[in-house]
Amino acid sequence: MLQELVDWLTALGPIGAFLVSLLDGVAVPIPQGVDALVIAQAIAAPQTAYWGAALAVVGSTLGSSILYFVARRTGRVMLEKKASASGIEKIRQKIDHLGALVLLIPTMVPLPLPMKLFVIAAGVFQIRFEQFLVVIATARCVRYFGEAFVAVRYREETTAFLREHIFAAVVGAIVLIIFLYVVNRWSTRRITRG
């Protein structure tokens with residue numbers, strides 16, 4: 001049943017990318033489904049590749065935002081179902097230290113990381129929504145537009161290219177996190193000093 005729905009959404013082109021990413025963002029598990037859809041659509045119809053990526057970003061950001069607000073109300077129960085008490089405490093400490101930047105790697109890099117867990121934790125631990133939104137949208141832009149670009153350029157070799165360069169993507173994400181963290185700390189200190 002779920003596979004039939006995904007197949008139908010795929011046939012819709014960029015609108016399908018929006019709907020699949022919305023479902024995935026809200027927590028209907030479609031592992032790597034949005035990535036595969038963005039890539040497949042970019043290969044099949046390069047002229048609409050970036051439109052599909054844009055709609056995937058919007059759908060994912062909207063879906064993640066819905067999950068964030070649900071988690072603000074009932075998330076503690078959701079979080080306890082997905083992680084142990086010590087795991088929850090580690091996530092809380094990371095959020096205390098990095099804020100919304102803790103979402104960057106699981107949102108940007110197509111690795112099997114528990115992104116939904118971090119989205120739920122962002123709601124539970126009250127990360128400011130504006131920060132949450134900026135990080136999610138930015139990371140998804142990098143991810144989906146990057147995949148569309150690679151798919152338009154490398155066509156059927158896209159998956160192999162992405163597998164070969166995943167380490168570089170992770171390192172890039174870590175460097176970006178460090179840079180954003182330093183900028184955030186620097187700007188916060190300047191504001192507090194007057």
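Annotations
- Calculated [θ] (222 nm, deg cm²/dmol) that DSSP helices of n ≥ 4 give over the chain, each run adding -39,500 (n - 2.57): -27000 deg cm²/dmol
- As a proxy for reagent exposure, ranking PHE149, PHE118, PHE69 by other Cβ atoms within 10 Å from fewest up yields PHE69, PHE149, PHE118.
- For VAL77 and GLN47, the FRET efficiency from 1/(1 + (r/R0)^6), where r spans their Cβ atoms and R0 equals 41 Å, is about 0.35.
- For the peptides 89-100, 43-54, 157-168, the ranking by packing is 43-54, 89-100, 157-168, with the highest mean count of neighbouring Cβ atoms within 10 Å listed first.
- The stretch 61-74 - phi-based ³J(HN,Hα) in whole Hz, Karplus 6.51/-1.76/1.60, Gly and Pro as x: 5, 5, x, 5, 5, 4, 4, 4, 5, 4, 5, 4, 8, 10
- Placed amide H near VAL28: partners under 5 Å, 5+ positions off or other chain: none
- Between the labelled values (i) 1.00; (ii) 0.96; (iii) 1.63, the entry that holds Rg/Rh (Cα atoms, Kirkwood Rh) as derived from this structure is (i).
Each reported figure results from applying straightforward, stated rules to the coordinates on display, with no laboratory input. This one's a predicted model, so the numbers in the text were calculated from it and none came from an experiment. As a convention, Cβ positions derive from the backbone with ideal geometry for all residues, glycine included, and neighbour counts pool all protein chains shown.
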